[in-house]
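*Asks:* Have a look at this one before I ask anything.
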Amino acid sequence: MRSTASRLEDLEQFLDERRKDFVLERVSLPEAKGWRLDEGILKHETGGFFSVVGANFGPADDRVFLYQPQSAVAGLLAGFFEGETHLLLQARAEPGTQGSAQYAPTMQSTLANYLGMHGGKPAAYADQFIRHHPSLQRIVHDSEQLDLGERYLCKTKRSTVLECAPDIALEDGFIWVGESLLCDAVTRPYFLNTDLRAMLGVLPWTSRPGSHNGIAPRSPLVRESLARPLAPARIGALASALSGHPAASSFKPLQELDNWDITAQGFVERERRQGFAIEFFYCEAKGREVRSWCQPLLNSRGSGYAALYCRSVDGALEVLVRTGRESGLKTGHALLPTVLLYPDNTGPVTPAPGKVLVSTMESDEGGRFLSDTSRYEIVLVPPDFGCGEAHHWISVAELKWFLAHSNLCSIQLRGLASMLLGELPC
């Protein structure tokens, strides 16, 4: 039987089921079952999941990163029925998520998870994404995408969207959501997790509502920009600006890092530089592959900010992106939002120089971070708004070109792009 939602209130009630019996308790390093400090690295006893490592980027430049060399998998199952595209979403409880549960892609899993290294049940729908299955009709999207470049060292995610038969059997905690309801949900704070937002940014969009070829944004300005032809010279210039090499670094044992102390409660900075600590927690969550576990979480000392400026030109929307370097990116450079401040930001955010069209609060990633939050905004600025050399005005069609390709766009830009699917009061 197909389970679908018709209102945001239905989705909220469905999510509440995953919030029941949720437990998160702080523990000490010795109490964090399965985790140990070994050869200067904090790692899980299985050798899977992720590690906490030290890295040196030069004199007096030691840093802590989360390290997960195996690419994670974020997968979405899609179906076209009742006249619109539907996505199969998971109501997912995670230890660091604001509100304890948010909507996630169909599959959100590390290699260790879908190989069952935790000893629990298999990740739901994993077979659909890691081997051929006769119920699949076609691959809608498949790419490798960058993760948080100032938190992870060289981490990427495989983002795959597959079309499947709409009568696929539903696991507990999964629900079909139509594109019209998704376009309402993208403006709701703490509702869609960052992996899902990022996937909404990269999956196909269409300028024709009701089409089988993708999701149609609500705004006529966005749809008009999406229908505009690409400018090869503009794409070429921007792609050239993204060329480069990752920042030079080397691993360094955690206990030898300048400015970091290891205590029974976690890893802490003596002087605020990166702006976070590593702390340990016990978690119980309904519907996960294992019911309870211990893990480290990265805990920032402030909130972050990400903004995408846009302007209206000849009846179409253009967006202002910039090229920039992040120390943990395997590509070195990435296409970033107009403004990006990680949750270690120590000062007030400069007010947006225009009309804020959409503003939400988001959990950066509930599986690795403790209630780390960032404000995401779409800001309308005057057509003649000035910008720096690293900034570039591009159409939504050109933005989608970059989003569809592997390892070009930051996860924050992909998440902000998802907000362009909703109503924009301009």
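*Asks:* Just give me the residues in the stretch 15-30 being modelled with pLDDT under 95, exposed (fewer than 15 other Cβ atoms within 10 Å of the Cβ) and more than 27 Å from the chain's Cα centre (by Cα), in sequence order.
*Replies:* Pro30 - this is the single residue of the stretch 15-30 that is modelled with pLDDT under 95, exposed (fewer than 15 other Cβ atoms within 10 Å of the Cβ) and more than 27 Å from the chain's Cα centre (by Cα).
*Asks:* Would you check if there is a residue in the stretch 125-134 being out of contact with any helix residue (DSSP H, G or I) (no Cβ under 6 Å at 6 or more places or on another chain) and either part of a strand (DSSP E or B) or modelled with pLDDT of 95 or more (or both)?
*Replies:* No: the stretch 125-134 contains no residue that is out of contact with any helix residue (DSSP H, G or I) (no Cβ under 6 Å at 6 or more places or on another chain) and either part of a strand (DSSP E or B) or modelled with pLDDT of 95 or more (or both).
*Asks:* State which residue is surrounded by the fewest Cβ atoms within 10 Å (Cβ to Cβ) when the search covers only the stretch 196-227 and only residues that are over 23 Å from the mean Cα position of the chain (by Cα) and small (Gly, Ala, Ser).
*Replies:* Among them, the one singled out is Gly210.
*Asks:* Would a scan of the stretch 394-413 turn up a residue that is acidic (Asp, Glu) and open to solvent by 20 Å² or more (accessible area, probe 1.4 Å)?
*Replies:* no
*Asks:* Could I ask something else about it? For the stretch 231-248, name all the residues that are open to solvent by less than 60 Å² (accessible area, probe 1.4 Å), assigned to a loop (DSSP other than H, G, I, E, B) and either modelled with pLDDT of 95 or more or over 15 Å from Asp61 (Cβ atoms) (or both).
*Replies:* Across the stretch 231-248, the qualifying residues are Ala231, Leu242, Gly244.
*Asks:* I would also like to ask the following. Within the set of pairs 6 or more residues apart or between chains, which connect a residue that is under 9 Å from Ser207 (Cα atoms) inside the stretch 218-231 to a residue that is part of a helix (DSSP H, G or I) with Cβ atoms less than 8 Å apart?
*Replies:* Note: pairs meeting the criteria are Val222/Val396; Ser225/Val396; Ser225/Ala397; Leu226/Val396; Leu226/Ala397; Leu226/Lys400; Ala227/Ala397.
*Asks:* Here are some conditions: (1) out of contact with any Gly (no Cβ under 8 Å at 6 or more places or on another chain); (2) farther than 30 Å from His141 by Cβ; (3) in a loop (DSSP other than H, G, I, E, B). Pro69 meets all but one. Which one does it not meet?
*Replies:* All conditions pass for Pro69, except number (2).
*Asks:* Moving to a separate point now. Out of everything in the stretch 374-393 that is surrounded by fewer than 18 Cβ atoms within 10 Å (Cβ to Cβ) and hydrophobic (A, V, I, L, M, F, W, C), what residue ends up being farthest from Ser159 (Cα to Cα)? Break it down into steps so the answer makes sense when it comes.
*Replies:* Just the residues of the stretch 374-393 that are surrounded by fewer than 18 Cβ atoms within 10 Å (Cβ to Cβ), to begin with: 375, 382-391, 393.
After this cut, where a residue has to be hydrophobic (A, V, I, L, M, F, W, C) as well, the list is 385, 387, 390, 393.
Values: Phe385: 34, Cys387: 32, Ala390: 27, Trp393: 26 Å.
Per the criteria, the residue is Phe385.
*Asks:* Follow-up question, since we're still on this one. For the subset of the stretch 260-278 comprising residues that are assigned to a strand (DSSP E or B) and of a type in the set (D, E, K, R), which member is most open to solvent (accessible area, probe 1.4 Å)?
*Replies:* Top of the filtered list is Asp261.
Listed here are the residues, each with its yes/no results for (1) basic (Lys, Arg); (2) out of contact with any strand residue (DSSP E or B) (no Cβ under 6 Å at 6 or more places or on another chain).
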| site | (1), (2) |
| --- | --- |
| Glu9 | no, yes |
| Lys33 | yes, no |
| Gly48 | no, yes |
| Ala55 | no, no |
| Arg63 | yes, no |
| Leu76 | no, no |
| Phe80 | no, yes |
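The values are calculated or read from the model by the stated rules, or taken from the named source; none is laboratory data. Worth saying up front: this structure is predicted, and the values here are computed from it rather than measured. Cβ: placed from backbone, ideal geometry, glycine included. Neighbour counts: every protein chain shown. Accessible surface areas use protein heavy atoms only, side chains included; no ligands, DNA or RNA. Shrake-Rupley method; radii C 1.70, N 1.55, O 1.52, S 1.80 Å.
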